[in-house]
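The values are calculated or read from the model by the stated rules, or taken from the named source; none is laboratory data. Bear in mind that the values here come from a model prediction, so they are computed numbers and not experimental data. So basically every Cβ, Gly included, is an ideal-geometry build from the backbone, and we count neighbours across all protein chains shown.
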Amino acid sequence: MSLKVTEGRLTETRVGAGVERRAFGEFVGPRGELASYAFGWTTGTESHVARLTVGIGAGNPGGASFHAIVFDNEGSYACSLVDEPFERVPEGGPDLTAIEARAHEDLPFIWWVVDRVMERDRRARWMKHWLLGSTSIQTGEVFERTEPILYVSHDADDGLWQLIGASDANPATGKLSHLHHAVEYDPTLLDVLDLQPGESAYRTGPDAPWTRKPS
């Protein structure tokens, strides 16, 4: 059996000047191990800290729900267990405090699940770009949303993301913006948020599939 991460629902709630997003999903490991997860983040706040829950063993001895915060750690992400519960998930059990979670024999499995979810759930990639403050440069037409995004690249030299529409890029009219904001207006970008430095993707229209171009 192959490892499987299945994306579930995504909720969006207006909170002041920002939006609180909560994403849910299910995990199946290569030996049939089951876990449910939820993670969330809120835009428009000074604090760039996300939250997550992973639940295992519902109804069984040792079943539990683990809760943590997720934060920027030198260009990647890191997690820290917390006492406060975040979400209820189907495979979860009793809510563990941070001390109880650290003592749980399945904690290494929980962190392994978190890493796989961060790799494979497209919404987690979106959250990660929010955590890291990934920067994009957009053509004026894309920034003003008069043209759809047809070309995306992740520069190898400086890590900058380029978002280009039908018009040629003009450095004089380019606009800098956080990458996570672009996803709010064009959710199809979720499919290319994992481009590695030096890679790019293009499409013929806003409803066409992305074609990736390796570095």
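Could you tell me whether any residue of region 157-166 is touching a Phe, Trp or Tyr at 6+ places or on another chain (Cβ under 6 Å), modelled with pLDDT of 95 or more, outside any loop (DSSP other than H, G, I, E, B) and not assigned by TED's automatic domain parsing to the domain that holds Ala23? Yes: region 157-166 contains one or more residues that are touching a Phe, Trp or Tyr at 6+ places or on another chain (Cβ under 6 Å), modelled with pLDDT of 95 or more, outside any loop (DSSP other than H, G, I, E, B) and not assigned by TED's automatic domain parsing to the domain that holds Ala23. Checked against (1) at pLDDT 95 or above; (2) more than 14 Å from the chain's Cα centre (by Cα); (3) surrounded by fewer than 21 Cβ atoms within 10 Å (Cβ to Cβ), Arg9 meets all criteria but (2). Taking Ala169, is it touching a Ser or Thr at 6+ places or on another chain (Cβ under 7 Å), assigned to a loop (DSSP other than H, G, I, E, B), closer than 21 Å to Glu74 by Cα and at pLDDT below 95? Taking the combined requirement at face value, the residue does not satisfy it.
A single entry from Glu87, Glu105 fulfils the requirement of being part of a loop (DSSP other than H, G, I, E, B), loosely packed, with under 14 Cβ neighbours inside 10 Å and out of contact with any His (no Cβ under 6 Å at 6 or more places or on another chain): Glu105. With respect to the conditions (1) assigned to a loop (DSSP other than H, G, I, E, B); (2) under 13 Å from the mean Cα position of the chain (by Cα); (3) among the β-branched types (Val, Ile, Thr), Thr45 falls short on a single one, namely (2). Selection of region 41-66 for residues being in contact (Cβ under 8 Å) with a residue 60 or more places away in the chain and of a type outside the set (A, V, I, L, M) yields Trp41, Thr43, His48. The listed residues are Ala182, Ala124, and the only one of them that is within 17 Å of Tyr77 (Cα to Cα), part of a helix (DSSP H, G or I) and in contact with a helix residue (DSSP H, G or I) (Cβ under 7 Å, 6 or more places away or on another chain) turns out to be Ala124. Condition check for Gly75 on (1) in contact (Cβ under 8 Å) with a residue 40 or more places away in the chain; (2) in contact with a Leu (Cβ under 7 Å, 6 or more places away or on another chain); (3) on the phi < 0 side of the Ramachandran plot: one failure, at (3). Pairing each residue of region 18-29 that is without any contact (Cβ under 8 Å) to a residue 24 or more places away in the chain with any residue that is assigned to a strand (DSSP E or B) and of a type in the set (Phe, Trp, Tyr), provided the two are 6+ apart or on different chains, yields C-beta distances under 9 Å for Glu20/Trp41. There is no residue in region 173-190 that is farther than 29 Å from Ala50 by Cβ, charged (D, E, K, R), at pLDDT 95 or above and surrounded by 14 or more Cβ atoms within 10 Å (Cβ to Cβ).
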